[in-house]
Amino acid sequence: MNLPVYRFAPSPNGHLHLGHAYSAILNQRAAQKYGGKLLLRVEDIDTIRCTPQLQADMLEDLHWLGIQWEEPVRKQSEHFEDYQCTLHKLEERSLVYKAYLTRAQIKRFVAQQDATGTPWPRDPDGAPLYPGDDKVLSAQDQQERQNSDAPYALRLNMEKAIAAVGQPLRWQEARTGKIQADPAAWGDVVLARKDTPTSYHLSVVVDDALQGITHILRGTDLYHATSVHRLLQTLLNLPEPLYEHHHLIMGADGRKLAKSAKDTSLRELRASGVTPAQIREMLSNPASEQTTARS
């Protein structure tokens, strides 16, 4: 019987907060309980915001917290060729296309549709589904962009991808059993951009397969994204891990903690004299947890 392999995969685009600490601790405990391994992955495909200093701070905070992992640490920025190779496999099957609409154009189009009284469909995170270039751009505009050096996103043709799978998709959720996946709810997701050779969805399924991850224990904010991941895993013939989505740590205002909101970081707590033991005690209180999975 193969031993379970867990992973903790933060992005060094800001300092870790209590939510990260909670997820790291849960993964460490699970790996220890079942005699498995814990791997650390640095999700730094955003090479502008993910700086070497933030990565060094992240590793220092995790060591301070008492998190131990197997070496080597996988840095996504060192493996862009892996993602490009995988993307090429999808391109060969005509499942990926170049999309030229800017965020401003999408926003303007969606606002016009909403104004008609029929709201434009949104994905589970609340972002509008991609309308398609032909809904906004004339044939001439599309041709000009294709012939020029215009920015673009490489998007998965969701309708064709689902048809290529040809069967209902599910994933195994540790506590509740088989879950029906609904990748169509996300529309044509971005797999890469002109200036970025991968996206979160693509890189995470590639990394999990290459690292031999058997158990994915992560927050409920990624619960619905599992539908996209199962679709990509199936299209690419990748192994299916066992999933478990844990509660999120919420702020006093009832929203989930976020680096972008500059919520109190582990480094700030350390500087104020809080100890690792106090952090773990703080996170062991069920009152500090709330379920945010949407149904």
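Since every read-out is calculated from the coordinates, none of them should be taken as a lab result. Not measured: the values here are computed from a predicted model. FYI the Cβ positions are ideal-geometry reconstructions off the backbone, even for glycines, and counts take in every protein chain you see.
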(message) Connecting C-alpha atoms closer than 10 Å in a GNM of the chain, tell me which of M158, M58, M282 has the biggest fluctuation.
(response) M282
(request) Add +1 for every Lys or Arg and -1 for every Asp or Glu among the other residues with Cβ under 12 Å from the Cβ of F109, and state the total. (result) +1
(request) Give, in nm to one decimal, the length gained when the segment between A127 and S284 is fully stretched (0.36 nm per residue of separation minus the Cα-Cα distance). (result) 53.2 nm
(request) Jot down the per residue volume, in cubic angstrom and as a whole number, of the convex hull over the alpha-carbon atoms of the stretch 141-202. (result) 110 Å³
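If R₀ is 45 angstrom, what is the calculated FRET efficiency for the pair E268 and C85, using the beta carbon separation as r and rounding to 0.05?
That pair, E268 with C85, gives E of 0.65.
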(request) Take every Cα-Cα distance within the stretch 109-186, group them into 5 Å bins from 0 onward, and report for each bin the whole-number percent of pairs it holds. (result) 3, 11, 15, 17, 17, 16, 10, 6, 3, 2, 0
(request) Output the pairs from K98/K135; K75/K107; K107/K194 with a Cα-Cα distance over 26 Å in this structure; if there are none, say none. (result) K75/K107
(message) Can you tell me what percent of all Cα-Cα pairs in the chain are more than 27 Å apart?
(response) 47 percent
(message) Tell me the mean residue ellipticity at 222 nm calculated for the chain from its helices only (DSSP H runs of n ≥ 4, each -39500 (n - 2.57), averaged over every residue, nearest 500).
(response) -11000 deg cm²/dmol
(request) For the chain, find the longest principal axis of its Cα atoms and tell me its angle to the long axis of helix 226-235, 0 to 90°, nearest 10. (result) 70 degrees
(request) Work out the length of the dipole vector of the stretch 79-239 about its Cα centre, built from +1 on the beta-carbon of each Lys and Arg and -1 on the beta-carbon of each Asp and Glu, and round it to the nearest 20 debye. (result) 320 debye
(request) Please state the charge dipole magnitude for the chain, taken about the Cα centre, from unit charges on C-beta atoms (+1 on K and R, -1 on D and E), reported in debye and rounded to the nearest 20. (result) 500 debye
(request) Answer with one residue from Q211, V73, V274: the one whose Cα lies farthest towards the positive end of the charge dipole of the chain, charges on Cβ with Lys, Arg +1 and Asp, Glu -1. (result) V274
(request) Just grab the label-to-label distance for R93 and I48, each label 7 Å out from Cα along the Cβ direction, in nm (one decimal). (result) 3.2 nm
(message) Pick from P241, P128, P183 the residue whose mean-square fluctuation is largest in a GNM of the chain, springs joining Cα atoms under 10 Å.
(response) P128
(request) Normalise the Debye intensity by I(0) for the stretch 79-239, one equal point scatterer per Cα, no solvent, then take log10 at q = 0.12, 0.14, 0.15 Å⁻¹ and round to two decimals. (result) -0.58, -0.78, -0.89
(request) Measure nothing fancy, just the Cα-based angle from helix 18-33's long axis to the longest principal axis of the chain, in degrees from 0 to 90, nearest 10. (result) 70 degrees
